[in-house]
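Please read the structure below before turning to the comments.
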Amino acid sequence: MIKRSVLFITLLLVSVIPLAGGSTGKIKGKIIDTEGQQPLVGVNVYLDGTATGTASDESGSYLIINVPAATYTVVVSYVGYQTIKMKDVVINADRTTVLDFSMSVAAVEGEEVIVEAKRPVIVKDQTATTTTVES
């Protein structure tokens, strides 16, 4: 009787263990500068439309864990460099997807801002005399 119970429990565990497989994967890789081939530190790597992401370390390496199995757009951004968007990246359960990036320098341009300040010639509530020097 004890042998049957042990055999039954063993068969039950053996048949259930494959069902306990994970449903998440990982993304890892390295990010380097195109010109100098040097690793870039602090590059933001994230999955577009999610709150999942990380930053590269001092060797340019990054690792994103617990990524649900699906298809994503991976975005790599860094100040002073061109943003990279890699579409249709498939993440498989219990697998590590390796994505290495080479980033190139991009000029940072801003819009021209013009600020004009005007004040009235006569200030009605002013009680003292003032002198204004204009160019």
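Assuming R0 = 30 Å, what is the FRET efficiency of N66 and D100, from their Cβ-Cβ distance, to the nearest 0.05?
The formula returns an efficiency of 0.90 here.
On the full set of protein chains, 1.4 Å probe, figure out the accessible area of I9 and give it in Å² to the nearest 10.
Rounded to the nearest 10, the figure is 90 Å².
Express in Å², to the nearest 10, the accessible area of T131 obtained by rolling a 1.4 Å probe over the protein heavy atoms while all chains stay in place.
Ignoring ligands and nucleic acids, T131 comes out at about 120 Å².
The values are calculated or read from the model by the stated rules, or taken from the named source; none is laboratory data. These figures come from a predicted structure and were not determined experimentally. Methodologically, a virtual Cβ is constructed for each residue, glycine included, from the backbone with ideal geometry; neighbour enumeration extends over all protein chains shown. Accessible surface areas use protein heavy atoms only, side chains included; no ligands, DNA or RNA. Shrake-Rupley method; radii C 1.70, N 1.55, O 1.52, S 1.80 Å.
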